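A short reminder: the numbers here are calculations on the coordinates, not readings from a lab. The structure displayed is predicted, hence computed values, not measured ones. As a convention, Cβ positions derive from the backbone with ideal geometry for all residues, glycine included, and neighbour counts pool all protein chains shown.
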Amino acid sequence: MDAHRIQYWVLLVLLAPPAASILAAALGPRFLRGQTHWLPILGVGAALVGSVNLFNQVRAAGEAHGSIVVELYRWIATVPDQWFSVNVLVDPLTAIMLLVVTGVALLVVVYSREYMSDHGHPVRGYERFFAYLALFVFSMCVLVLGGNFLLLYLGWEAVGLCSYLLIGFYYDRPSAAAAAKKAFLVNRIGDFGFGLAILLIYVTFQELDYQAVFAMVDAGTTASGEALTSGRVTAIALLLFCGAAGKSAQFPLYVWLPDAMEGPSPVSALIHAATMVTAGVYMVVRCGAIFAASPLAMALVATIGAFTALLAATIALVQFDMKRILAYSTISQLGYMFLGVGMYAGSAAIFHLFTHAFFKALLFLAAGSVMHAMGGVIDLRRFGGLRRVMPWTYATMLIGALSLAGIPLLSGFWSKDAIIHAAFENSRLLGWIGLLTALLTAFYTFRMVFLAFHGTTRVPDGVHAHEAGAWIKLPLVVLAVGSIFAGYADVTFLSGGFAGAFDPHGWFSHFLSSVTAPFAMHHAEFAAAGHMQKYGLLYMSSAVAIGGVILAYSLYVDSPMLGLIIRRAFPKTHQLLSNKYYVDEAYESWIVQPLRRLAAFCYAFDRYVIDGLVWLLTAVPRLAALVLRVFEQGRLQGYGTSMTIGLAAILFLILVIGG
């Protein structure tokens, strides 16, 4: 690869979005106003152009030369002739992630132009919103492009800040302000572990550069030449996963993501479906050498991922807020990705990340289109039958729902099935959990679609239901096309027919093979399996997905009373799921309130004990000052009295004591 050309495109990716953000913040309020969106469109569009060219450079280089490190400048001197460098790593994983981030971001920015307008007039904070979007894209690009753990951490924290700002965009709403604060604080828990992991990496290897650290892990040595113990590498992996669990909303740190739906729908699509929440998956795959060296860490990643996927899917079954259903679906699909990573299928996890970006962004933007048309209402109990008045939104959301459900031949089917195959190869229990989650996913997804778009047309009072304009339709159509065809990036057509069309090691997996090699070394070869082992699960997962759709149709379209009967037959189960297993309440009772009481105690101790001791220490000079100031009031008789008393004291000392 041409290092100079790579550096040029990298600088374009890194500089265009922040330039757009700064200009939008500086010029938007006074000059551009309702035209501010053009700056982020141009900035993110330029970043997408750079990402496409970087992808082409990596693809043209081939597997042997598909990775290059480019030093932009030297930043911090540690000891003479040793520096922390601002260097970027461009390889297949970077190229794919940049395409996802910048591609989806551009569509979201275009969508936001109409969504953030009220009858053609920009909403309050219009300029600020677009400045935040461009700043987020910059932060995410730093996270992805960084060639060392220090830059990764800076991008990681900047993404968290942008998330806080965008979730709390409607800061005058108490619920939005609380959601932003909750997201920020919960992520701090995971980021604390992530920071400790980076410190432990530096203490162990005296390096933060990816390639240097991973080379020492592969060699099983530390910076001093000593053997790298399994306990040390496991500790590093688990602390890194702590950060990933926070950012990617895995149990027990998933509780911030559903509340983050208080932000505008474009924010949900960009940050909480396609980019930021996948940063944890990206980081774990990037650090594959560390995780693959610890079987315990890999087992924990897979177990947490499978448990989170099933937990979130069950909660989504009974929700009525469209965006919350999709939020729990995102948590569940992220769990799928971690299941794939933990099952030594890193390429399958990134493949699912890639396809998920299309159909989940599509679903969030389609839900935003419904919300925009319903005057801000997103509760499925307050409207229905919208397919007659919003045909474009219905058609695109149906495609996204089919892909999410894993219906055969759509993009979500291929990536989900690759993870399920990997799970069954390594753990039948986790494989069955993956299949059960797939069934629940198809059911709750089409429950949402049928409640919103089928049945009698109903809209909230005072709302004139209407289809969205071109600025919203265009991103929906583009994402719908991706939701259909993106999965074929990893499909190799063999003997023809449905079964023969599937090979889990297509172009996408081959393209990622150099990056995911640490996982592949431990992963059983799928190609050696027999026909039923290869295709039996394919048929089974297809049947499960189709069965979930049929079940949802039966309960919510064909026989809606049957769903009500089941709900009344199991009231406690329904209540448990509706209240999300009371996890938030448990955290409030066991963590938040004890911490509040501890904070109140510390405040009282500081105010009355510490401040009291300080007051006592100052009481003596203050008392002396109180007495002495009587003689310093600017009166002649006072000074005379002071002189007389002083003279008397001197005479007393000389005549009585001195004698």
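Note on the range 367-474: Rg/Rh from Cα positions, Kirkwood definition for Rh, rounded to two decimals, is 1.11.
To the nearest 20 debye, what is the magnitude of the charge dipole of the chain about its Cα centre, counting +1 on the Cβ of each Lys and Arg and -1 on the Cβ of each Asp and Glu?
Dipole about the Cα centre, nearest 20: 1760 debye.
The Kirkwood hydrodynamic radius of the range 346-572, based on inverse pair distances between different Cα atoms, is 18.9 Å. The range 584-657 gives an Rg/Rh value of 1.52, both radii derived from C-alpha positions and Rh following Kirkwood. Working note: Debye formula, equal point scatterers on the alpha-carbon atoms of the range 1-147, no solvent; log10 I(q)/I(0) at q = 0.09 Å⁻¹ is -0.33. Of all lysines in the structure, the ones whose alpha carbon falls short of 20 Å from that of Lys182, not counting any fewer than 8 places away in one chain, are Lys247, Lys323, Lys580. How far is helix 611-628 tilted off the main Cα axis of the chain, in degrees rounded to 10, range 0 to 90? Roughly 30 degrees, rounded to the nearest 10.
Give the peptides 588-595, 282-289, 135-142 in descending order of average Cβ contacts within 10 Å, highest first. Mind showing how you got there, number by number?
Numbers: 588-595: 11.0, 282-289: 23.9, 135-142: 27.4.
Highest-to-lowest ranking by the protection proxy: 135-142, 282-289, 588-595.
Note on the range 254-381: Kirkwood radius taken over Cα pairs, Stokes-Einstein applied at 37 °C and 0.692 mPa s, translational D equal to 219 µm² s⁻¹. Between the residues Val477, Pro621, Trp256, the greatest Cα displacement towards the positive end of the dipole of the chain, with unit charges on the Cβ of Lys, Arg, Asp and Glu, is found for Pro621.
Each semi-axis of the equivalent ellipsoid for the range 323-427 is √(5λ) with λ an eigenvalue of the Cα gyration tensor; in descending order they amount to 31, 13, 10 Å.
Residues whose amide H lies under 5 Å from that of Thr221, counting only those 5 or more places away or on a different chain, are Leu228; hydrogens are built 1.01 Å from N in the peptide plane. Normalised by the number of residues in the chain, what is the relative contact order in percent for Cα pairs under 8 Å and 6+ residues apart? Contact order relative to length: 11 percent.
Based on the alpha-carbon set only, what is the convex hull volume of the chain divided per residue, in Å³? If you can, show how the numbers build up before the last one.
Values: hull volume 168.2 nm³, N = 659.
Output value, Cα hull per residue: 255 Å³.
When each of the peptides 605-612, 254-261, 46-53 is scored by how many other beta carbons lie within 10 Å of its residues on average, the order from highest to lowest is 254-261, 46-53, 605-612. Mind checking the angle between helix 322-342 and the chain's longest principal axis? C-alpha axes, 0 to 90 degrees, to the nearest 10. Computed tilt is about 80 degrees.
With contributions of -39500 (n - 2.57) from each DSSP H run of at least four residues, the per-residue ellipticity at 222 nm computed over the chain stands at -22000 deg cm²/dmol.
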